[in-house]
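Here the structure comes first, spelled out in C-alpha cells, and everything after it is commentary.
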Amino acid sequence: MCGICGEIRWDGASADVAAVTRMTEAMASRGPDSDGIFAHGPIAFGHRRLSIIDLSARGAQPMVDSDLGLTLVFNGCIYNYQDLRKELEAAGYRFFSAADSEVVIKAFHRWGIGCVDRFKGMFAFAIADRETGVVTLARDRLGIKPLYLAQTPGRLRFASTVRALLDAGDVDTELDRHALHHYMSFHSVVPAPRTIYRGVRKLPPATVRVIAPDGSFDDTVYWTPVFERDPSRALWSARDWQDALMEALRTAVERRMVADVPVGVLLSGGIDSSIVVALLAEQGQHGLSTFSIGFDSVGDESGDEFFYSDLIAETFDTEHHRIHIDSSRLLPAVPKTIAAMSEPMVSHDCVAFYLLSEEVSKSVKVVQSGQGADEILAGYDWYPPLANIAREHTTEAYAKVFFDRGHAEVLEIFSPEYGIATEDPSHRFVSAHQSAPGAETAIDAALRLDTQVMLVDDPVKRVDTMTMAWGLEARVPFLDHDFVELAAACPAELKLAEGGKGVLKNASRALLPSEVIDRTKGYFPVPGIRHLHGEIYDMVRDALTNDAARARGLYRPKTVDALLAAPNETRTTLGANALWQLAVLEMWLQSMKG
C-alpha cells in the first residue's frame, strides 16, 4: 500500500520534477517508510512506500527494470504474486527482488494489458515503456485503490490523492455542477470519472488506460460482474450456495494474509468482521490482533458495540484491543478527518475510521476489514422494498429508498449558479446503469449499481482514505472479485432472507455465536456527530457562515439558516443529518484551499 503520482507531457517539454516532488511529499502518510522519484524526458513518476512485501531496498519504487525497458509505480497488493512469479520464472524471467511490484512489471511485459486479468488483488499502477514512450494506467476491478487525474493542454498528472494534484498546482478548481448534484442526491456518491472539481477526474474501476506519446489514449474495461442466474447452478440448493460462498470467502481471507509483516483485523462486532476473524482462527491463526472502537454515549444512543466485539475476541482467543475515544478527542479529529479526504464523504463513520486507524497503526501495518459485504449480499434496508418491483421500474423504486432528496429539493439547496435546473443528472445516471443488460431483477440491478459505483465511491473510498491517513493498509476479503462474481449470481431471495445477507448469516451459524448473527445491524456509532450540538455544532455553523463560505456562495442562505436553526431535525432518506452533509462539503472545500 503506497502513494503513487506522476506527470506525462506531450508538448515537447520535460516533465516537471518539482511538481512531481510536491505530489510525492503530499502523500507522505500513505507511504511513511521511503520515497522515490524517476524522471526521463516527458515522463516523471513519484512514489511513497509503505513496506509490506519485501521490506528491503530492492522493493523500492519507482521500480526500473532496465532489461525490459519498463518503469513502474504501484499501489496495492497482488495476493497471488507468488504463483504468478513461478509462472513467469518458468517462462524465463529473472527477478531481482521478492516484491509483488516486480511481478507486475514482468507480467505486463509478458501479457501486456491482459496482465490485469491474472491479478487477484487491489491495485492502481502506472507503467512507462522506455522504447515507445507509452504510459499505461490501471485500476483494480472494485476500485479499492484510487487514481486521480488532472489534465491540461499538453500534460497529464496522476496521483493517489486529490490533495497531491492540488499541491502540484495548475488545477481547475471550478466546481462540477453534475458532481454537486450527485453529492446532494445520490447519497454523496460522485461516480467516476467525475469529482467535485472540474479539473480533477478519476480513472474508473476495472479500467486500463493506454496513453500514447501524443496524449491520445484508449480505455479498456476489463471486468464487469454479471448479475444473472447461471444455468450450471440452476439445481443448487440454499445450502449449496451457503457452502460455495463460504468456501470462496475462506480463500479470499487466506489470500489477504500474504505479507512480510503481521496482519490484524478491524473487529466491529458485526457479522462481517466476525466471520473474517472466525475464518482466520479456523485456518490456524493464533494471537490474532483485533481492534474495535467506541465513543461516549449521547442521550440514549450508545457510542460502542464492545459487547459483541468482546464476545468474538473471547470466542476466538484474539489479542484484542478495545479502543475508547473520549469526547475530548472527537472535536479536534473532525477537521483532520475532512482534510484527509480526497473527496467529501458525509458518513460519520469517517471520523471513527480516522481515529481507529490512528490507534491501530501503532500496533500493525496491515488489517483485514469486513467492508463491502452489505453491498455485495444485500444487507441494507433499501433492498427489500425492491424485491417485487418490475425490472423496468427499478430506478423509480430505488430512488425512493436511497436518494437523499429529489431534484427539486437539490435546487433548493444550491445557489442558482451551482444548480442544474434543466435535468436531473443523478436520476439519469442511475437509470442508465440500472437499465443496462446483465442484471436479471430489480434487486440485481440495484446490487450491480451499488457494487460497481456506490461501494467504490463511498465505503471503500472511506476505508482507504482513513486508513492511509495513518500509513495503515486495509484489505477487504468481501471484495475479492471471485467472491463478488459468485455472489452476483446468487438468487436475490437468498440474499434478502433473514432481513438481509441471509445466505451469509446461515452459512456462518457453524462458526459464530448466535448473538452476533441475529443482532440488529450496527454501524460505527459516533453519536456526537449524528446529533450536532455544542462545539461541533459551533464548528459547523462557522464553516457555513464564515468569509470563505460567503465568498463561495454555494448554498442558498435561507436553506442554511433553516438547518442551523434546527440542526438535528432534517434527515435524508437514509437518516443522515442534512446539516452535516452541507457542512462536510463546505469544510472540505475550505480544507483543500489550505
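Write down the Kirkwood hydrodynamic radius of the chain, to one decimal in angstroms, obtained as one divided by the mean of 1/r over all alpha carbon pairs.
Result for the chain stands at 24.6 Å.
Over the chain, with the other protein chains present, what is the accessible area per residue in square angstrom, probe 1.4 angstrom?
36 Å²
From the cross-link list Lys120/Lys365; Lys362/Lys593; Lys145/Lys365; Lys400/Lys495; Lys365/Lys593, which pairs have alpha carbons spaced over 23 Å apart?
Too far apart for the 23 Å limit: Lys362/Lys593; Lys365/Lys593.
Taking only Cα atoms of segment 1-92, what ratio of Rg to Rh do you get with Rh as the Kirkwood inverse-distance radius?
Taking Rh as the inverse mean 1/r over Cα pairs, Rg/Rh reads 1.02.
Run the reach check for Lys558 against lysines, Cα to Cα strictly under 20 Å, same-chain hits fewer than 8 apart removed. What comes back?
Within the straight-line cut-off, Lys558 pairs with nothing.
To the nearest 0.05, how large is the calculated FRET efficiency for Ala551 and Val17 if R₀ is 30 Å and r is the Cβ-Cβ distance?
0.30
Count neighbours as other Cβ atoms within 10 Å of each site's Cβ, and list the GluC sites (Glu not before Pro) in segment 25-131 that are DSSP loop with at most 14 such neighbours.
In loop regions of segment 25-131 (DSSP not H, G, I, E or B), the sparsely surrounded GluC sites (Glu not before Pro) are Glu131.
When only Cα pairs under 8 Å and 6 or more residues apart are kept, what is the percent relative contact order across the chain?
15 percent
So, by mean Cβ neighbours within 10 angstrom, what's the order for 257-266, 439-448, 234-243 with the highest one leading?
439-448, 257-266, 234-243
Could you list which residues have their amide H under 5 Å from that of Tyr555, counting only those 5 or more apart in sequence or on another chain, with H placed in the peptide plane?
Ser415
List every residue whose amide H lies under 5 Å from the amide H of Lys120, counting only residues 5 or more places away in sequence or on a different chain, with H placed 1.01 Å from N in the peptide plane.
For Lys120, the qualifying residues are Tyr79, Asn80.
Hey, what number do you get for the chain at 222 nm if only DSSP H runs of n ≥ 4 count, each worth -39500 (n - 2.57), divided across all residues, to the nearest 500?
Calculated from helices alone, the mean residue ellipticity at 222 nm is -11000 deg cm²/dmol.
Once you treat every alpha carbon in segment 65-136 as an equal point and sum by Debye, what is log10 I(q)/I(0) at q = 0.22, 0.25 Å⁻¹?
At q = 0.22, 0.25 Å⁻¹ the computed log10 ratios are -0.97, -1.27.
What are the ³J(HN,Hα) values, in whole Hz, obtained from phi via the Karplus relation 6.51 cos²θ - 1.76 cosθ + 1.60 with θ = phi - 60°, for each residue of segment 501-512 in sequence order, with x given for Gly and Pro?
Whole-Hz 3J(HN,Hα) from phi for segment 501-512: 6, x, 5, 6, 4, 5, 5, 8, 5, 7, 10, 10.
Summarise the accessible area of segment 443-594 (1.4 Å probe, protein heavy atoms) by the percent that is carbon and sulfur.
Roughly 51 percent of what the probe reaches on segment 443-594 is carbon or sulfur.
Kirkwood Rh and Cα-based Rg: tell me the resulting Rg over Rh for segment 343-430, rounded to two decimals.
Radius of gyration over Kirkwood radius for segment 343-430 works out to 1.10.
Each residue of segment 194-211 in turn: what ³J(HN,Hα) in whole Hz from Karplus with 6.51, -1.76, 1.60 and θ = phi - 60°, glycine and Pro shown as x?
Each residue's phi maps through the Karplus curve to give 6, 9, 4, 8, 5, x, 10, 10, 10, 5, x, x, 6, 10, 10, 10, 9, 10 Hz.
Name the lysines eligible as straight-distance cross-link partners of Lys501: C-alpha to C-alpha under 21 Å, and not fewer than 8 places from it in the same chain.
Lys521
Assuming 0.890 mPa s and 25 °C, estimate D for segment 135-286 with Stokes-Einstein, Rh taken as the Kirkwood radius over Cα pairs, in µm²/s.
Rounded, D is 127 µm²/s.
Starting from the amide H of Glu343, placed 1.01 Å from N in the peptide plane, find each other amide H under 5 Å away whose residue is 5 or more places distant or on another chain.
Counting only residues 5 or more places away or on other chains, the set is empty.
So what is the orientation-averaged projected area of segment 53-193, using the convex hull of its C-alpha atoms, in nm²?
Average of the hull's projected areas for segment 53-193 equals 10.3 nm².
For a quick protection proxy, order the peptides 397-405, 411-419 by their average other-Cβ count within 10 Å, most packed first.
397-405, 411-419
Rank by packing, highest mean first: peptides 169-178, 75-84, with packing defined as the count of other Cβ atoms within 10 Å averaged across residues.
Ranked by mean Cβ neighbours within 10 Å, highest first: 75-84, 169-178.
Expressed as a whole percentage, what fraction of the accessible surface of segment 210-349 belongs to carbon and sulfur atoms when a 1.4 Å probe is rolled over the protein heavy atoms?
51 percent
Rg(Cα) of segment 449-579 divided by 2.2 N^0.38 Å?
1.44
Can you give the FRET efficiency for Val226 and Thr520, using 1/(1 + (r/R0)^6), R0 = 30 Å, r = Cβ-Cβ distance, to the nearest 0.05?
Result of the calculation: an efficiency of 0.40.
Ignoring any ligand, DNA or RNA, what whole percent of the accessible area of segment 1-92 comes from carbon and sulfur when the probe is 1.4 angstrom?
46 percent
Quick one: what Rg and Dmax do you get for segment 186-237 from the alpha carbons, in Å?
Calculated on Cα positions, Rg and Dmax stand at 17.6, 55 Å.
Which loop-located trypsin sites (Lys or Arg not before Pro) does segment 28-123 contain, where loop means any DSSP state but H, G, I, E or B and the Cβ has at most 15 other Cβ atoms within 10 Å?
Arg94
Can you compute 3J(HN,Hα) from phi for each residue in segment 213-224, using the Karplus curve 6.51 cos²θ - 1.76 cosθ + 1.60 with θ = phi - 60°, rounded to whole Hz and x for Gly and Pro?
x, 8, x, 5, 8, 10, 9, 10, 8, 9, 7, 9
Val134 versus Thr422, label points 7 Å from Cα toward the beta carbon: distance in nm?
3.9 nm
How are the Cα pair distances of segment 129-221 distributed, in percent, across 5 Å bins from 0?
Distribution as computed: 3, 13, 21, 22, 22, 13, 4, 2, 1, 0 percent.
Can you tell me the relative contact order of segment 94-148? Whole percent, Cα pairs under 8 Å, sequence separation 6 or more.
Relative contact order for segment 94-148 comes out at 25 percent.
The values are calculated or read from the model by the stated rules, or taken from the named source; none is laboratory data. All values derive from a computational prediction rather than experimental measurement. Don't worry about glycine lacking a Cβ; one is built from the backbone with ideal geometry, like all the others, and counts go over all protein chains shown. Surface accessibility is based on the protein's heavy atoms, side chains included, excluding ligands, DNA and RNA. Shrake-Rupley method; radii C 1.70, N 1.55, O 1.52, S 1.80 Å.
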